[in-house]
Structure formats: structure tokens, C-alpha cells
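The values are calculated or read from the model by the stated rules, or taken from the named source; none is laboratory data. All of these numbers come straight from a predicted model, not from anything done at the bench. Note that we place each Cβ from the backbone using ideal geometry, even for glycine, and neighbour counts take in every protein chain shown. Heads up: the accessible areas ignore ligands, DNA and RNA and are worked out on the full protein's heavy atoms, side chains in. Shrake-Rupley method; radii C 1.70, N 1.55, O 1.52, S 1.80 Å.
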Amino acid sequence: MEIFDLTIHELHGKLKAKEVSAVEATGAMLARIEAVEPKVGSFITVTPEQALADAEAADRRIAAGEADVLTGIPLALKDIFLTEGIRTTCGSRMLHNFIPPYSATSWERLRERGAVLLGKLNQDEFAMGSSNESSAFGICRNPWDLTRIPGGSSGGSAAAIAARQAIATLGTDTGGSIRQPASHCGCVGLKPTYGRVSRYGVIAYASSLDQVGPLTRDVTDCAIMLGAVAGHDPKDSTSVDTPVPDYVAALSGDIKGLRIGLPGEYFIAGLDPDVQAAMDRAIENYRRLGAEFVDISLPHTDYAVATYYLIATAEASSNLARYDGVRFGHRSPQAGGLIEMMTRSRSEGFGAEVKRRIMLGTYALSSGYYDAYYLKAQKVRTLIMQDFIQAFEGVDVILTPVAPTPAFRIGEKVNDPLQMYLSDIFTIPVNLAGTCAIAVPAGLSASGLPIGMQLIGKPFGEETILRAAHAFEQATEWHTKRAPL
Ligand code: GLN
């Protein structure tokens, strides 16, 4: 097996046994990036010098006998994470030349453990999208089928793993942006409970929904990455001060008696038959492993997408006000006065989808419409939260598909925003409820495209969903399948 095919825990074994050095491993990754990047487009910025310097430092640590499981592991970050001294664009022309003066806490934590930074990954502009097509830095393709989207908004974070250009990556998830691309690219992706991971130094989209999380090749790697980034951060007032469990130790393999809920609202008639078949097989697998199934209802599911697109756009319109050519962002060179300068800068810097959302959000917050839209959406959000609280009285986890179909074709939905929004129907409710969920590979469609299963957990129930996902992984081979690239 090539170095770029390995998981974190496998590569760690080789580094520790001195079968390979961190510099060699990093060199292999950089060569792989160079070889496949013209086809895939996962990266916005590759950082070879930084990577080799990090790798040399990691080798010194390994030689001194101080190797941690993440020391010398080549990773890459969605370009939404601030990286000191390294350009961070958030997929937008607005930030095409932005060099942050400090780094995101989540990346700092990985760095402290000796991880190696390969570069910054492609994404939808300001994390708004489900296909990576709103990026200002070119198309990112699905390594399983280069005519298809990798998912979004963390499209590059998933494609880079499927194309074996990084061992693991970080993404962010506001309405599904970790889980949906993970599902479309055949990787594992986890959206932690709101407050579990610091968002300091992560460019804000919708602050009551945004969370940082890992995308990896298997569940063990996911547990390793989550353990490294989770925990209280005094610099993020929304990060919660509860102890971080040993997520790897939680992977006991034992799920006998685990109660799994199946929400009727998620297994609808229009579900793609290949997705339905994969879920049926997954349920069968879990039964064999000793889990029990309970039919449950999440009655307000139908309202989730509409609620999300009011709350997320309202928060985005406020968060994106800072890009005015003065405080942050592109400044138009040809403007007479201040107002003209700000108008031009925003018109030139933002793409069409971002503009659409700023307008929707500004409208929802405007006086006269606030009660009818934003306030109403907040109330429905509470009902959606209560659906989950009630469901979790009778079950330990909830099993659903991640997305209604496998990856769609590039261009297929780009001119129909509503169709694009509806593709997140199974992931959005989790963000509105603030709880955690994991996407794991659970099948391939007739045409060979990955299909993901979602396991939703109780708030701060990451150990349980990881344990359930790991037991499934041990009993199946989907996580060992590789994109034909
Ligand atoms: N696709 C959803 C959106 O466009 C979710 C994006 C995300 O989670 N960042 O808002």
C-alpha cells in the first residue's frame, strides 16, 4: 500500500517504527497532490515549504521519542480556517489576498501535536453551497467520477481524502457541509455538538449553527482528530467547558442492546433506490450486531430547510457586513467616495450565491418582516429541537441517509438554488437542534458512487455515535473502497 493510502493510525505505526520518516511521508503526499490535482482541484493553496518544515520538526520529535499519534501526519484544512502567514480565502474573491495574522484554535491544537500542513482546501464561497460550485477558485471534482460534484461546502476537504491527497482534513458544518461531502466522496465526517470544538479563527457564516469537525478515512481516525480539536477555548465564548472523553477508547465494538431510531420522515417515497437499499443493508447489519430498532417520528422535519434558510441567511447578512473594503476584504480601486467604494467592493468581491443570501437575510431581518420570518423561524427551530429531545427519550442514536441521492453532476443544480437547498434535507435538522452526527460509508450505487449513512447522537453523545459507526465499519468493507484515481 502506498503512503498516501494510509490512515492516521497506520501511518503513525510506520513513523514510530521508523519505517518511514515524516519528511518522506510528506514528500509522497506532495507528489501525489501534484499528480492528481489537475484532475481534481481540491486545493486553493498548496504549502510545500510549510509542509516540509513541519515534517522536519516532526522527525526531530519522533527521534527524541516524543511522537504523538498526530506527529508527522500530513493534513490539510478547508480554506475557512485562519492560518497565520498563509493566505486564507474562504473560497471568495473578497479574500483573494488575505493573509491572517493568527491561526484558528483547532489548527493550533493539531500543530501542537506535530501535524503537518499540506495546504488549504477548496470550498464553496463563504461555505454557502452543497456542490463546491460557488468557489471563486475553480471547480473541485468528485474523485469517484470526475463529471460529478464532491459535495459542499467542504468539497475540497472530502475530495482530497478520496483522491489520497491528504491523510485527514478539517471542515466546517453549518447545514451539512462536513457530512454531505463525506458521504459523496466515501469518507467519514463528523459534525460535533454545538460548543464541542472552538470556532476561534474560523471565518463565520451562521454563528448559531457553524461547527468544526474532521473528515477522515475511517472512524478511528475520526476519533483521533475529534479528540485533538475538541475542548474549551477561552477565546470562543460558545465553546463549552466539559471534559473531552477519550474518543478512541470509546470504540469498544460492543453495541449489543443499542437502541437505534428510524425516523419515518427521513425514509420517504422519493428516496433514491440505491440509497434506500444501502440503508436497508445497514439496518440488517446492525440487527446482526445486536442493535434494536425503534420507529420514531421527527414531526417538524418538513420545515427544517425553510427555517434554516431564514436563520442562516440572517446571520450571514450580519457576519458578512465586515467585508466592506475598509475593515476586511477586497477594495475596489475605481471609486469616488466612501459609499461608492463600499458598494463596488462588495459587488466585485462577492459571488452570486453569497449576494443572494445577503439579500435574503437582510430582508428577513428588516423591520416589518422580522416577526413574520426571522422570529417565526426561531420558534420553529425550537420545535425541531424538541422533536430530537423527545425522540432521544426512547433511543440512543438515530439512523438516516446523509443525502437523498449520490453525488449529482457538475452543473446539474447550479441554476436551480431551491433544488440545491433541498439536497441538505437530512443534515440541516441536526444543526438546527445543535446536536452531533457522523457520516460513514455504507454502500456504492449501481454506477459506483459512494453512499453515506448518518448516525445522529444526543448532545455531547459523540462517543456513542463513534462507537456505533466503528462497529458498523468493523462488520463491513465500505471504508476500504478507494476512488478509481
Ligand atoms: N449547503 C448548506 C448551505 O448552503 C450547508 C452549508 C454548510 O454547512 N456550510 O448553507
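Tell me which of these residue 136 doesn't satisfy, since it passes every other one: (1) over 23 Å from residue 451 (Cβ atoms); (2) out of contact with any helix residue (DSSP H, G or I) (no Cβ under 8 Å at 6 or more places or on another chain); (3) away from the ligand (no atom under 12 Å from the Cβ).
(2)
Taking the criterion of being within 16 Å of the ligand (Cβ to nearest atom), assigned to a helix (DSSP H, G or I) and either open to solvent by 20 Å² or more (accessible area, probe 1.4 Å) or touching a strand residue (DSSP E or B) at 6+ places or on another chain (Cβ under 9 Å) (or both), would at least one residue in segment 184-192 satisfy it?
Checked against the condition, which is being within 16 Å of the ligand (Cβ to nearest atom), assigned to a helix (DSSP H, G or I) and either open to solvent by 20 Å² or more (accessible area, probe 1.4 Å) or touching a strand residue (DSSP E or B) at 6+ places or on another chain (Cβ under 9 Å) (or both), segment 184-192 yields at least one hit.
Could you say which residue among 45, 26 is closer than 26 Å to residue 137 by Cβ, in contact (Cβ under 8 Å) with a residue 12 or more places away in the chain, in contact with a strand residue (DSSP E or B) (Cβ under 9 Å, 6 or more places away or on another chain) and assigned to a helix (DSSP H, G or I)? Please lay out each step first, then the result.
Working: 45 fails: assigned to a helix (DSSP H, G or I).
None of the other options fit; the residue is 26.
For the list (1) open to solvent by less than 10 Å² (accessible area, probe 1.4 Å); (2) under 26 Å from residue 69 (Cβ atoms), I need the number of the one condition that residue 164 fails.
Status for residue 164: all satisfied but (1).
Which of the residues belonging to segment 236-262 are under 23 Å from the mean Cα position of the chain (by Cα) and open to solvent by less than 20 Å² (accessible area, probe 1.4 Å)?
Listed by number, the residues that qualify are 236, 239, 247, 250.
From the set of residues in segment 409-428 that are over 22 Å from residue 280 (Cα atoms) and within 19 Å of the chain's Cα centre (by Cα), which is least open to solvent (accessible area, probe 1.4 Å)?
Within segment 409-428, the match that is least open to solvent (accessible area, probe 1.4 Å) is 428.
Being at negative phi, open to solvent by less than 70 Å² (accessible area, probe 1.4 Å) and not hydroxyl-bearing (Ser, Thr, Tyr) is the filter here, so list the residues in segment 86-104 that pass it.
Looking only at segment 86-104, we keep the residues that are at negative phi, and these are 86-89, 92-104.
Imposing the further condition that a residue be open to solvent by less than 70 Å² (accessible area, probe 1.4 Å) reduces the set to 86-89, 92, 94-95, 98, 100, 103-104.
Across segment 86-104, the qualifying residues are 86, 87, 94, 95, 98, 100, 104.
Of all residues in segment 222-250 being among the polar types (S, T, N, Q) and in contact with a His (Cβ under 8 Å, 6 or more places away or on another chain), which is farthest from the ligand (Cβ to nearest atom)? Explain how you work it out, then say what you get.
To start, the set of residues in segment 222-250 that are among the polar types (S, T, N, Q) comprises 237-239, 242.
Now drop any that are not in contact with a His (Cβ under 8 Å, 6 or more places away or on another chain), which leaves 239, 242.
Numbers: 239: 19, 242: 24 Å.
Out of the qualifying residues, it is 242.
Residue pairs, Cβ under 8 Å, 6 or more apart or interchain, first in segment 49-66 and within 19 Å of residue 166 (Cβ to Cβ), second part of a loop (DSSP other than H, G, I, E, B) and β-branched (Val, Ile, Thr). List them.
58/71
Any residue that is open to solvent by 20 Å² or more (accessible area, probe 1.4 Å) and in a strand (DSSP E or B) - is there at least one of those in segment 435-449?
Of all residues in segment 435-449, those open to solvent by 20 Å² or more (accessible area, probe 1.4 Å) come to 444, 446-448.
Then keep just the ones that are in a strand (DSSP E or B); that gives 444.
Scanning segment 435-449 turns up at least one residue that is open to solvent by 20 Å² or more (accessible area, probe 1.4 Å) and in a strand (DSSP E or B).
Any residue at all in segment 450-459 that is within 16 Å of the ligand (Cβ to nearest atom), more than 15 Å from residue 397 (Cβ to Cβ) and of a type in the set (A, V, I, L, M)?
No, segment 450-459 contains no residue that is within 16 Å of the ligand (Cβ to nearest atom), more than 15 Å from residue 397 (Cβ to Cβ) and of a type in the set (A, V, I, L, M).
Counting only residues that are under 14 Å from residue 106 (Cα atoms) and under 13 Å from the mean Cα position of the chain (by Cα), which one in segment 203-221 is nearest to the ligand (Cβ to nearest atom)?
In this case the residue turns out to be 210.
Filter segment 363-374 for residues that are part of a helix (DSSP H, G or I) and exposed (fewer than 13 other Cβ atoms within 10 Å of the Cβ) and give the result.
371, 372
For segment 193-202, enumerate the residues that are among the aromatic types (Phe, Trp, Tyr) and either within 16 Å of the ligand (Cβ to nearest atom) or under 15 Å from residue 437 (Cβ atoms) (or both).
The first filter runs over segment 193-202 and keeps only residues among the aromatic types (Phe, Trp, Tyr), leaving 194, 200.
Passing the criteria: only 194.
Residue 151: on the phi > 0 side of the Ramachandran plot, open to solvent by 10 Å² or more (accessible area, probe 1.4 Å) and within 16 Å of the ligand (Cβ to nearest atom), yes or no? Before the answer, list the steps.
On the way: on the phi > 0 side of the Ramachandran plot: yes; open to solvent by 10 Å² or more (accessible area, probe 1.4 Å): no; within 16 Å of the ligand (Cβ to nearest atom): yes.
Against the criterion (on the phi > 0 side of the Ramachandran plot, open to solvent by 10 Å² or more (accessible area, probe 1.4 Å) and within 16 Å of the ligand (Cβ to nearest atom)), residue 151 does not qualify.
Under the condition of being open to solvent by 30 Å² or more (accessible area, probe 1.4 Å), hydrophobic (A, V, I, L, M, F, W, C) and over 16 Å from residue 135 (Cα atoms), which residue from segment 322-362 is modelled with the lowest pLDDT?
335
Tell me yes or no: at least one residue of segment 388-399 is in a helix (DSSP H, G or I), on the phi < 0 side of the Ramachandran plot, in contact (Cβ under 8 Å) with a residue 12 or more places away in the chain and within 20 Å of the chain's Cα centre (by Cα).
Within segment 388-399 (the criterion being in a helix (DSSP H, G or I), on the phi < 0 side of the Ramachandran plot, in contact (Cβ under 8 Å) with a residue 12 or more places away in the chain and within 20 Å of the chain's Cα centre (by Cα)), the answer is no, since none of the residues qualifies.
For a quick check of your reading of the model, give me the residue pairs whose first member lies in segment 169-180 and is modelled with pLDDT of 95 or more, whose second is aliphatic (A, V, I, L, M) and within 6 Å of the ligand (Cβ to nearest atom), with beta-carbon atoms closer than 8 Å and at least 6 apart or on different chains.
Cβ pairs passing all conditions: 172/127; 174/127; 174/312; 175/312; 177/127.
For segment 159-182, name all the residues that are small (Gly, Ala, Ser) and either away from the ligand (no atom under 15 Å from the Cβ) or part of a strand (DSSP E or B) (or both).
Passing the criteria: 159, 160, 162, 163, 166, 168, 171.
Take segment 393-424 and flag every residue that is modelled with pLDDT of 95 or more and of a type in the set (A, V, I, L, M, F, W, C).
395, 397, 398, 399, 402, 403, 407, 408, 410
So which pairs qualify, if the first residue must be in segment 432-458 and in contact (Cβ under 8 Å) with a residue 40 or more places away in the chain, the second must be part of a strand (DSSP E or B) and open to solvent by 10 Å² or more (accessible area, probe 1.4 Å), the Cβ gap must be under 7 Å, and the two must be at least 6 apart or on different chains?
Final answer for the pair search is 449/145; 450/441; 450/444; 451/444; 452/441.
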